[in-house]
Structures are given as C-alpha cells and as structure tokens.
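First up is the structure itself, then whatever we jot down about it.
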Amino acid sequence: MKPLLVFDMDGVLVDVKESYRESIRSTVLHFTGKDAPHDVIQYYKNRGGWNNDWKLSRELCSVYGKEIAYETVVEVFNQYFFGHNGVPGLIERERWIDTNDVLARLNQRFDFAIFTGRMQEEGQITLRRFATHLNWVAVIGDDDVTQSKPHPEGLLKLKLEREVAYYLGDTVDDAKASKAAQVPFIAITAPGGNFAAFAPAAFLNSINELETFL
C-alpha cells in the first residue's frame, strides 16, 4: 500500500482568488457597498478560525456596519459562486495550480486524499473539471465531519485507515489540524502566513515544488 498524501484544496491545489475570495468580496459589496480587498481577506485567513467563507463574509459585513443573517449571506454568496439568473458563477474562474503534471508523477508513488473546508460537492465539481486523471482514495469535505478545521477530525479519519505521509495546507487552520492529528505538515506559504510555530517539514511556494521536496 502506498503512503498517503493529503491535500487541502483552496490555495494548494486550486487558485481561488477569483472564485471563493472574489465571492467574499462580491457578497460584502452587495450588502455594505464597501470593498473587502484581497489583502484584508488574507489577513483573516492568516489569523486562523476563518476557514468558512460564509462566516467570514458575514463577519466582514459586520465590520463594515451591516448585521446580516447567516442564511442570507449564504444565499447571496452562493449566487455569486455558482451563478444566478444566467450569470456564470465565479467557480468557473478557478485555476488548477499544478501546471507541470507534478501530481500525475507523484500519484505513481503516493495515494492521494483531500481534507478541505469546502463542501463535498463543491470539491467534486472542481475535481471533475481538473483532476479526473488522478486517483483520489478519499475526499473529505466540511459536510463530512462534525467539527470543522482546525479540528483534526478529517485527518484522523484518514489516519485510522493508513499511514499519512504529509498534509499540505496554506492556512494556520490547516497547520493546527495537522499538528493535532500528529501528521507531518507541508506549508504552502500564503502571503503573510506564519507557520514557524508549527515546525513544518517544508515550506513550499506552490504545489509545483512538491516533487523536488519528496
């Protein structure tokens, strides 16, 4: 049995600046008339505890002076993300980060799994679009666990089945989950990210450097 590499999705496998991050901006602008720049969104991501983009959208609305019901934020966010009234969804702007077939080569040596803060179907949409050539032994979304990251539940489920070689993530919540599950962590360094306290096995600028490390 091959060792298992577990990946977060957003910022690790997929560039989501123009999808999830832009959906946050659009949602906040919709309710407040104010812009939430990408560096502000990244600041919250770096703090940890904001893995859920619906909750972050609501928080930014509150910061900008508007208290919006959570269910209403979710509805509007999803309209931007998935599309609405004939307008294409921002999910279509996502970009697969592996540009050199690094993952295809590594998939010959490692089995792959995903532990993501996305909902299961949101993850599957993107995998069907970009990654049908890869073998994923498991995909664990936020709706597959009872406790969201930084809780390690998803990693612990995978660890019960087999050896997990590394977990690759780009946020503090990923690093906390990895540490709690006692799984070696590889940090995909997001702007301003501070992972030194978690003693990652490696710091990589992108997934395209993974083959060299392994």
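Every number here is computed from the coordinates shown, using simple stated rules; none is lab data. As the structure is a computational prediction, the values presented were derived from the model and not from experiment. Don't worry about glycine lacking a Cβ; one is built from the backbone with ideal geometry, like all the others, and counts go over all protein chains shown.
Counting only Cβ charges, +1 for Lys and Arg and -1 for Asp and Glu, the dipole size of the chain around its Cα centre is about 280 debye. Charge tally around LEU13: other residues with Cβ under 11 Å, Lys/Arg +1 each, Asp/Glu -1 each, net -4. Computed extension length for ASP143-ARG93: 15.6 nm, one decimal, from 0.36 nm per residue of separation with the Cα-Cα distance subtracted. Taking the inverse of the mean 1/r over every pair of distinct Cα atoms in the stretch 88-214 gives a Kirkwood hydrodynamic radius of 15.3 Å.
Here the Gaussian network model covers the chain, with springs between Cα atoms less than 10 Å apart; of GLU161, GLU59, GLU22, GLU161 fluctuates the most.
Okay, helix-only estimate at 222 nm for the chain: each DSSP H run of n ≥ 4 adds -39500 (n - 2.57), divide by all residues, round to 500 deg cm²/dmol; what do you get? So the helix-based figure for the chain works out to -11500 deg cm²/dmol. In this simple spin-label model, placing a label point 7 Å from the Cα along the Cα-to-Cβ direction at both TYR43 and ARG128 gives a separation of 3.9 nm. For the stretch 148-214 and the stretch 66-101, what is the separation of their Cα centres, given in Å? Result: 25 Å between the Cα centres.
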